[in-house]
Structures are given as structure tokens and as C-alpha cells.
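The values are calculated or read from the model by the stated rules, or taken from the named source; none is laboratory data. In this text the structure is predicted, and so the values were computed from the model without any measurement. Note: ideal-geometry Cβ built from the backbone for every residue, glycine included; neighbour counts use all protein chains shown.
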Amino acid sequence: MNALEVAKKMETDAVKFYTEAAEKTNYGAGKKMFLSIAEDEKRHLVMISELIKGMNITIADVSPTKRVQTVFESMKDQMMKKVAASKDELDAFRIAMQMEKEGQEFYKKSLAAAVTDKEKALFKRLIEEERQHYEIFENTYSHLSDTGNWFLWEERGVIEG
């Protein structure tokens, strides 16, 4: 299996995991966040599939962090309340962080081995988006596990701004 086929499998698995995590979480912002990330992973899957087929891909300039900040901004009153996250929800966020970290590492190795400019551009974009996904999950995990000490992206920029 080549890097693009492995990437396609990874993204398919991620869509399934994030969709199932959204169904299981009781935390409204977390549910929306998982669904937003699942949509990113679906878009990654389309880009990878198009490259495999030899089609021209367009790499949209999407910022997962900005999209999720919009979710949090729309729910800021709810987010300032202490949320009792279940062990399963916290586990889902830990697993998500690990998945995104492993995805970044895989795409970095794939970038190093990439031959075509299209592959290189795709892997660079995927590295950046997986990094943003990791930060989103890490921030949410921090919020759910210790709401009192939580800072949303650089000194509560969304909450105060």
C-alpha cells in the first residue's frame, strides 16, 4: 500500500471515529467540534482520492481552528459553565489527539518521500490541518478536564474578544 492509499484509509477511519464520537458526546460544543473535524477529514479524503485518480486537486485554504472558534463563540455562555465530562468523552478527546499526532507524523514522512509537486502540496496541507485539529482537541480536553484554568486560544481571545 502506498502513502496515498494509507492516507485514504486513515482519513476514512478518522471520519468514522469523529462521527461516532459526536453521536456519543453530551457536550454540545464537543459534538459540533467532532462533526466539524469529521467534515475536514471528508474533505481530506476527497483530495487524496482525486490525487490517486490523477485528477487535478484544489487545496482549499480552510482553517479548522477558525471554524471551530466560530462554534465556540456561538456557545460562549455555555462554555463558561463547568461541564461534567464523562470518562468516555475525555477518552475520546485523548484518542483524537493521538490520532491527529500520528496523522501529522505519517504525513511528514510521506512529504519527505513525495515525488510530485501535487503530492508535496497535499501532504504539507494535511500536516497543517492535522496540527490544527490536534490543538483544537487539546484545548477542548483542557477545558473539559479543568474548566477553571482553561484558556481558549491565546488568552481567551474568543471569549473576551
So which helices (runs of 4 or more DSSP H) stay within the stretch 75-161 end to end and still have 2 or more residues that are of a type outside the set (Gly, Ala, Ser) and modelled with pLDDT of 75 or more?
87-113, 117-145
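To keep it simple, each residue is scored yes or no on (1) farther than 19 Å from Ile95 by Cα; (2) touching a residue at least 60 places away in the same chain (Cβ under 8 Å); (3) surrounded by 19 or more Cβ atoms within 10 Å (Cβ to Cβ); (4) among the hydrophobic types (A, V, I, L, M, F, W, C).
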{"site": "Glu20", "(1), (2), (3), (4)": "no, no, no, no"}
{"site": "Thr25", "(1), (2), (3), (4)": "no, yes, yes, no"}
{"site": "Gly30", "(1), (2), (3), (4)": "no, yes, yes, no"}
{"site": "Ile37", "(1), (2), (3), (4)": "no, yes, yes, yes"}
{"site": "Lys42", "(1), (2), (3), (4)": "no, no, no, no"}
{"site": "Ile48", "(1), (2), (3), (4)": "yes, yes, yes, yes"}
{"site": "Ile52", "(1), (2), (3), (4)": "yes, no, no, yes"}
Filter the stretch 1-28 for residues that are over 14 Å from the mean Cα position of the chain (by Cα), among the aliphatic types (A, V, I, L, M) and part of a helix (DSSP H, G or I) and give the result.
Ala3, Leu4, Val6, Ala7
Filter the stretch 121-143 for residues that are over 23 Å from Ser110 (Cα atoms) and either of a type in the set (D, E, K, R) or buried (at least 20 other Cβ atoms within 10 Å of the Cβ) (or both) and give the result.
Ile136, Phe137, Glu138, Asn139, Thr140, Tyr141, His143
